[in-house]
Amino acid sequence: MGSSKSVPLSGNVVVDKNKLNELVSQLRMSIPQEVRRAEEMLSRKEDIISSAVSEANQSRQHLEQEFRNRLNDHELGRRAEEILRDAEERSHRIISQAEQEAESRRNQADAYALRTLRDLERDLAAATGSIRKGIDVLAGSALAAADTPPTPTLPSPEDFAPDDIEQRIRAR
């Protein structure tokens with residue numbers, strides 16, 4: 001080996017100059033490698049952060065879209081329930097109106113039938129009276145003299161009075 005010179009440092013420490021130069025050289029060579037590794041790590045760190053930010057943005061967009069979809073689904077469901085309630089209310093109103101109209105028509109039909117029956121009763125009473133008069137005229141004195149059994153009597157108009165007709169029908 002060559003001659004080595006010792007270099008005194010502060011205090012009583014003596015360092016070999018060649019050894020020191022060699023160490024400085026190694027440091028000069030290793031520092032750029034360490035700097036490159038640090039730069040690579042920083043670069044990867046930026047890529048990792050960039051990737052994480054990108055994934056976070058995609059997740060946020062996906063969650064926002066999911067939220068909007070659920071909100072729309074909820075709104076659609078709420079609107080469908082509202083429409084269903086309205087339809088049920090309308091159907092109840094229509095049914096109620098139809099029942100009221102049917103009741104009114106039944107009452108009108110009953111009133112018409114009652115008027116018709118009373119008119120028929122009056123016409124029948126008038127016809128019965130005319131028939132009785134005709135029988136009385138024809139029977140006259142000739143039938144009274146003959147020995148024939150009496151003809152059954154026809155009901156009088158009083159027999160068909162509207163107040164007690166139902167009682168008479170039940171009594172039979």
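Quick notes
- Selection of segment 125-136 for residues being hydrophobic (A, V, I, L, M, F, W, C) and touching a helix residue (DSSP H, G or I) at 6+ places or on another chain (Cβ under 7 Å) yields only Ala125.
- All told, Val35 falls short of being surrounded by 10 or more Cβ atoms within 10 Å (Cβ to Cβ) and outside any helix (DSSP H, G or I).
Read-outs: derived from the displayed coordinates by stated rules, not from any lab. Since we're looking at a predicted model, the values are computed, not measured. Glycine also receives a Cβ, built like all others from the backbone with ideal geometry; neighbour counts cover every protein chain displayed.
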